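Working notes, structure below.
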Amino acid sequence: MTLRATHKEILLYGISLAMLLLLLKWLEARFIIFNYRLDFFIGSIAIVFTVLGIWLALKLVKPKIETRIVEKEVYVEKKVYIDSSAPKEINREEIGNLGISKRELEVLQLMATGLSNEEIAGKLFVSLNTVKTHSSNIFMKLDVKRRTQAVEKAKRLNIIS
């Protein structure tokens, strides 16, 4: 299909050049026969080439519109009104299934409170690199990329309160 479109453009360009040559020969004949002024002849040629140049530039520089479809997983929190005074029970079975250690669970709970990595390291008396390692393990086990996603998923799975 693109081969035909290419041939069609080449054919159209060839015909337009032939018409231009015919017009130039006609103008030349009129110039010789009727002794027109040289300025008129040069001006008409300039106009023809200007129009042809503008048409060709618009044809070649036409922007290609590209459509991209972005799919993103969005979690919608289901609003259920429950007595908030009753604490939610932590799903120990899910913690075991995911293989989250006690220390990773502590880091996750501190993440949920909004503490930074430095603050978590200070609270747990561990190095910053240890907190980063636990965080990356949590992200891998929960299959998320960010802290907010990890906290949201952990709350949804009742891993943390």
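Brief remarks on what is shown
- Residues of region 60-77 include none that is surrounded by 10 or more Cβ atoms within 10 Å (Cβ to Cβ) and at pLDDT below 85.
- Residues of region 113-161 satisfying the condition of being of a type in the set (Gly, Ala, Ser), assigned to a helix (DSSP H, G or I) and under 30 Å from the mean Cα position of the chain (by Cα): Ser135, Ser136, Ala150, Ala154
The values are calculated or read from the model by the stated rules, or taken from the named source; none is laboratory data. What you see is a predicted model; the values in this text were computed from it and never measured. As a convention, Cβ positions derive from the backbone with ideal geometry for all residues, glycine included, and neighbour counts pool all protein chains shown.
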